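**Student:** I have a structure I would like to understand better, so I am pasting it below and will then ask my questions one at a time.
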């Protein structure tokens with residue numbers, strides 16, 4: 001019993017330390033800029049929503065969120081569509097060059113995005129996709145698709161092949177089996193994969209910033225741009241930061257029961 | 001599971017192959033192409049062979065940032081792996097408290113990387129940040145924008161804050177996979193806590209830990225946006241890591257040939273180390 005208590009105290013302290021910087025951001029987002037620069041206060045003395053109002057009323061701010069959401073969603077859809085059949089192939093069949101292909105895919109997860117910066121910029125400019133959501137979504141496939149194949153393959157391995165054979169005996173065609181029988185069985189795996197694809201696309205900025213200028217600019221780029229202009233409005237910056245955390249929290253809430261399994265099986 | 005040999009499976013892999021070929025092979029070939037040429041403008045390119053590679057390997061600035069990068073990644077692993085294991089051991093095993101811990105600990109992972117930089121930029125400032133203010137209040141002179149050591153410690157602390165949760169969650173999932181019977185057996189044997197950790201938990205964590213080390217090494221080796229926002233690579237170039245050096249060269253100075261040669265060397269280092277890890281993982285799998 002004593003052991004459990006000391007463990008609980010330990011984990012509570014860790015979580016408190018972990019949340020302090022986030023609390024500080026939240027705290028600052030509710031302060032007026034006079035209060036921020038006037039001195040250190042542990043909680044807002046003049047509680048205000050002004051910073052949030054600035055973001056929700058200025059299109060150049062809230063468009064950033066919409067842009068980020070747009071390319072992240074496109075990316076998750078593309079990633080799942082191509083990764084599902086591939087993961088099935090890797091989990092069920094031996095084929096020419098399968099191991100090499102798998103490692104090659106993974107090596108793209110390892111490639112520093114900075115390496116691909118310039119060629120991506122030129123590639124997408126030359127085919128007229130520069131500054132579109134689809135360009136960022138495709139670029140993010142570079143690291144998300146290998147990851148998705150890896151996670152999904154782990155989940156699919158857990159489904160015995162007898163199911164496949166039974167379905168064929170019952171007269172199911174492959175596409176019908178795949179969609180009607182197989183996919184529902186790995187629902188949680190798909191959820192977890194979507195979560196990781198969402199997460200890695202949402203947090204990435206280097207590629208997203210390089211491939212966009214105005215129309216598809218992500219919120220992160222808008223935030224860094226604000227730092228450059230006439231001093232820093234810390235309050236608005238903090239509010240913008242707080243708003244970028246919320247989508248992630250919503251998504252992880254939906255997959256909370258499967259995430260631990262996803263880490264174990266899929267070996268992210 | 002025994003896999004059936006069937007080359008028709010290629011049809012299922014084809015979409016992934018095409019997509020990744022489009023977004024990885026074409027750019028990579030472009031980089032290779034640049035690395036052997038000196039380009040003055042459109043239509044004015046000259047073949048220079050391995051010239052750029054020689055120059056890059058001899059470049060003092062790049063060698064410095066490579067050394068910095070290895071030191072940084074080394075510290076990241078040394079701190080985050082033990083800390084992550086410790087946190088995972090402390091997490092409640094199940095129930096609502098378990099889920100709640102999981103979500104709270106995952107929060108830093110869900111924050112866009114530039115916002116991570118922004119959070120610490122604010123948090124560590126001496127005038128408006130709780131952390132910087134607190135340290136100064138203790139009588140220690142701390143200023144991450146002016147002092148090299150302080151800047152390093154801040155970047156390191158930020159990375160520990162940001163990524164230890166990943167290690168912790170990986171280990172947590174590894175721990176949950178250990179059957180309860182193992183612990184019961186240990187209890188009957190009156191094994192000490194250390195013995196349980198050393199002979200039951202740690203061996204079972206091996207494969208998860210290999211992945212954690214691999215991921216942390218790779219990602220810390222590519223770190224760019226967080227220190228860029230926090231310190232801008234300074235003071236001087238003391239916190240300028242490889243990706244930032246490369247980005248400045250490619251986008252800032254538009255030094256195509258040199259940047260391309262640098263990219264390839266960079267990529268090869270990462271690839272070599274990831275290949276070593278990958279072999280280690282498959283060996284670990286075989287032993288199981």
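**Student:** On a C-alpha basis, how far is the centre of the stretch B:36-101 from the centre of the stretch A:33-96 in Å? Whole number, if you could?
**Tutor:** For the stretch B:36-101 versus the stretch A:33-96, the Cα centre distance is 24 Å.
**Student:** Related question: Taking every alpha carbon pair in the protein assembly as shown, what does the distance histogram look like in 10 angstrom bins from 0, in percent?
**Tutor:** With a bin width of 10 Å, the distribution comes to 3, 16, 27, 27, 17, 7, 2, 0.
**Student:** Specify the residue with the greatest mean-square fluctuation among B:215, B:202, B:104, computed from a Gaussian network of chain B linking alpha-carbon atoms under 10 Å apart.
**Tutor:** In the Gaussian network model the winner is B:104.
**Student:** Can you check what the Kirkwood hydrodynamic radius comes to for the stretch B:126-231, Cα pairs only, in Å to one decimal? Walk me through the numbers on the way to the answer.
**Tutor:** Numbers: mean 1/r = 0.0589 Å⁻¹.
So the Kirkwood estimate lands at 17.0 Å.
**Student:** Build a GNM of chain A with springs between Cα atoms under 10 Å: which of A:63, A:257, A:46 gets the top mean-square fluctuation?
**Tutor:** A:46
**Student:** Determine the gain in length on full extension of the stretch residue B:83-residue B:237; use 0.36 nm per residue of separation and subtract their C-alpha separation, reporting nm with one decimal.
**Tutor:** Details: separation 154, 0.36 × 154 = 55.44 nm, distance 2.90 nm.
Taking residue B:83 through residue B:237 to full extension adds about 52.5 nm, to one decimal.
**Student:** Which order results if B:46, A:23 are arranged by neighbouring Cβ count within 10 Å, fewest first? Provide the component values of the computation, followed by the final result.
**Tutor:** Working: B:46 11, A:23 14.
Sorted ascending by nearby Cβ count, the order is B:46, A:23.
**Student:** Given a 10 angstrom Cα cut-off, can you work out which residue in A:190, A:15, A:179 is the most mobile in a GNM of chain A?
**Tutor:** A:15
**Student:** Still on this model: Name the shape class, rounded, prolate or oblate, that the alpha-carbon gyration tensor gives for chain B, where a ≥ b ≥ c are the square roots of its eigenvalues, rounded holds for a/c under 1.5, and otherwise prolate holds if a/b is larger than b/c and oblate otherwise.
**Tutor:** On the way: a/c = 2.35, a/b = 1.25, b/c = 1.89.
Oblate.
**Student:** Give the Rg/Rh ratio for the stretch B:10-49, taking Rg as the radius of gyration of the Cα atoms and Rh as the Kirkwood radius, to two decimals.
**Tutor:** 1.25
**Student:** I need the shape label for chain A. Rule: rounded when a/c is under 1.5, else prolate if a/b > b/c, else oblate, with a, b, c from the alpha carbon gyration tensor. Intermediate values should be presented prior to the final figure.
**Tutor:** Values: a/c = 2.50, a/b = 1.51, b/c = 1.66.
Verdict is oblate for chain A.
**Student:** Could you calculate the FRET efficiency of residue B:213 with residue A:77 from 1/(1 + (r/R0)^6), where r is the beta carbon distance between them and R0 is 35 Å, rounded to 0.05?
**Tutor:** 0.60
**Student:** Also, quick follow-up: How many nm separate the modelled label positions at residue A:12 and residue B:18, each set 7 Å beyond the Cα in the direction of the Cβ?
**Tutor:** Distance between label points: 5.8 nm.
**Student:** How large is log10 of I(q)/I(0) for the stretch A:1-102 at q = 0.20, 0.22 Å⁻¹ when the intensity is taken from the Debye formula with one equal scatterer per alpha-carbon?
**Tutor:** Listed by q, the Debye log ratios stand at -1.02, -1.11.
Read-outs throughout are calculated quantities, based only on the coordinates presented, and are distinct from any laboratory measurement. The structure presented is a predicted model; accordingly, all values stated were derived computationally and were not measured. All Cβ positions, glycine included, derive from the backbone under ideal geometry; neighbour counts span all protein chains shown.
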